[in-house]
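The values are calculated or read from the model by the stated rules, or taken from the named source; none is laboratory data. Predicted model, so just to flag it, every value in this text is computed and none were measured. Quick reminder, even Gly has a Cβ in these numbers, built from the backbone with ideal geometry, and neighbours come from all protein chains shown.
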Amino acid sequence: VQIVDAGSPRMLCLRDGTVTSVGLEAQLPLGMFEETDYVAQDYRLDPGDRLLFVSDGVHTVPAPGGEPYGDRALARAITATRLLPAADVPAAVLRELRGHRGRPEP
């Protein structure tokens, strides 16, 4: 697959139950400058792989005790979605994030 990083802070890949960061060449956010040329990067996907874009705001959400939502918590939340349909993944990860914040959804 070809991917363009146009200002997305991070992309993660869930492959075989393991979450890894996909290293992309940082490029300017989309729409920042009209004349920006973006470079597509190749990334090999295997059957069953799942890509997730993660906003920088995810890591700044504090728990009631002040602990930030870290990489391990995010990896656990993403791994827990491995059997869900792709369309259900964002809501499931957001539920985990809200639970960390101390406001779980019903």
Find the residue count for segment 40-60, including only residues that are exposed (fewer than 15 other Cβ atoms within 10 Å of the Cβ) and either farther than 14 Å from GLN2 by Cα or under 13 Å from the mean Cα position of the chain (by Cα) (or both). 8
Cβ-Cβ distance below 8 Å, separation of 6 or more or different chains: which pairs start in segment 15-37 with a residue that is under 27 Å from ALA77 (Cβ atoms) and end on one that is of a type in the set (Val, Ile, Thr) and outside any loop (DSSP other than H, G, I, E, B)? GLY17/THR79; THR18/THR79; VAL19/ILE78; VAL19/THR79; VAL22/ILE3; LEU24/ILE3
Out of contact with any Leu (no Cβ under 9 Å at 6 or more places or on another chain), at pLDDT 90 or above and under 19 Å from HIS100 (Cβ atoms): does that describe ALA80? yes
What number of residues in segment 5-22 are more than 19 Å from THR36 (Cβ to Cβ) and out of contact with any strand residue (DSSP E or B) (no Cβ under 9 Å at 6 or more places or on another chain)? 3
Members of segment 12-56 that are modelled with pLDDT of 90 or more, of a type in the set (A, V, I, L, M, F, W, C) and not in a loop (DSSP other than H, G, I, E, B): LEU12, CYS13, LEU14, VAL19, LEU51, LEU52
Would you check if VAL89 is modelled with pLDDT of 90 or more, in a strand (DSSP E or B) and either surrounded by fewer than 15 Cβ atoms within 10 Å (Cβ to Cβ) or of a type outside the set (Asp, Glu) (or both)? no
Only unsatisfied item for ARG72, checking (1) surrounded by fewer than 10 Cβ atoms within 10 Å (Cβ to Cβ); (2) touching a residue at least 24 places away in the same chain (Cβ under 8 Å); (3) among the charged types (D, E, K, R), is (2)
Per the list (1) touching a helix residue (DSSP H, G or I) at 6+ places or on another chain (Cβ under 8 Å); (2) on the phi > 0 side of the Ramachandran plot, residue check on GLY7 breaks on (1)
